[in-house]
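Taken together, the values in this text are just the output of simple stated rules run on the coordinates, not laboratory data. The structure displayed is predicted, hence computed values, not measured ones. Note: ideal-geometry Cβ built from the backbone for every residue, glycine included; neighbour counts use all protein chains shown.
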């Protein structure tokens, strides 16, 4: 069986949904469904029960999942042993990134990369956006992912995509009917804030900083996951890039609206590396992978 079929099967089993698995894999739902049907044809039996709200492994599927997990584990162990013999595919990758990237983007990136380079180790830290560039420049991390504005000299922007911060809210929220959101629109609604300074502190808009300081949050916390749940349940609005709400936006549970501020909407999310330091081959390969993934995310969110 082809490796991609195994990967698709495991992801569909984990999600209980072909659509959700396709989103996580950044491929079309039809491609995932086609691979699942192909696998079932090869096995001569259905592996999932098709339900009104998704799909679920049946007894045959559960047995198949056990076999696939054992097969993939043995394969990764074997490749690690071969890599040690060749002394290749080893090394360390260090990344500093905005907290919103820890929801789906970076976990999926590390999972994919670990399949290719199972002996690589990682240091990945959630950093406030305005601190990412200084920490990469200072040598604490080799790769940064953050909003791109005025960067200090000595940093290279490897790739950047149009994913500015905006207003996120439940699809039933009154502001969801608007195409763009003004600062005045936000003031009369409950505000859910990630702890700390503004995510675009001093970056593009003094007016935004004044607005941020005047907003009184109904909830302040240091967890993006908690804020995601509160936003989806209709407890208030918050300010995030689409990156933090990829699945919720795709399902229609949450909507994202841009600010009525050209400077904010011009912000991009980018991947940065130091100009003066020579990065390891495994780090450079990791960067290639997240560049591709970031561009795929941008394409998948174009119409949302």
Here D for the range 3-81, in µm²/s, from Stokes-Einstein with a Kirkwood Rh over Cα pairs at 4 °C and 1.567 mPa s, works out to 101
Taking springs between alpha-carbon atoms closer than 10 angstrom, which of 212, 130, 256 fluctuates most in the Gaussian network model of the chain?
212
Principal-axis tilt of helix 59-86 within the chain, Cα atoms, nearest 10 degrees:
80
Quick one: which of 93-102, 265-274 comes out on top by average Cβ neighbours within 10 Å, and what's the full order, highest first?
93-102, 265-274
Simple spin-label model, 7 Å along Cα-to-Cβ: residue 187 to residue 30 in nm?
5.0
Full-extension gain between residue 291 and residue 51, please, as 0.36 nm times their residue separation minus the C-alpha to C-alpha distance.
82.8 nm
Restricting to Cα pairs below 8 Å that are 6+ residues apart, what does the relative contact order work out to for the chain? Please round to a whole percent.
22
Label-point separation (nm) for residue 121 and residue 180, each offset 7 Å from Cα along Cα-to-Cβ?
5.0
Pull out the extension gain between residue 216 and residue 229, defined as 0.36 nm times the separation in residues minus the alpha carbon to alpha carbon distance; nm, one decimal.
2.7 nm
For the range 3-81 the mean separation of alpha carbon contacts under 8 Å (6+ apart) over residue count, i.e. relative contact order in percent, is 26
Round to the nearest 0.05 the FRET efficiency obtained for residue 275 and residue 69 when R0 = 41 Å and r is the Cβ-Cβ distance.
0.45
Can you give me the angle between helix 29-43 and the longest principal axis of the chain, using Cα atoms only, in degrees from 0 to 90, rounded to the nearest 10?
20
For the Cα atoms of the chain, what angle does the longest principal axis make with the long axis of helix 281-300, in degrees from 0 to 90, nearest 10?
70
Taking 0.36 nm per residue of separation and subtracting the Cα-Cα distance, what length does fully extending residue 114 through residue 43 add?
22.7 nm
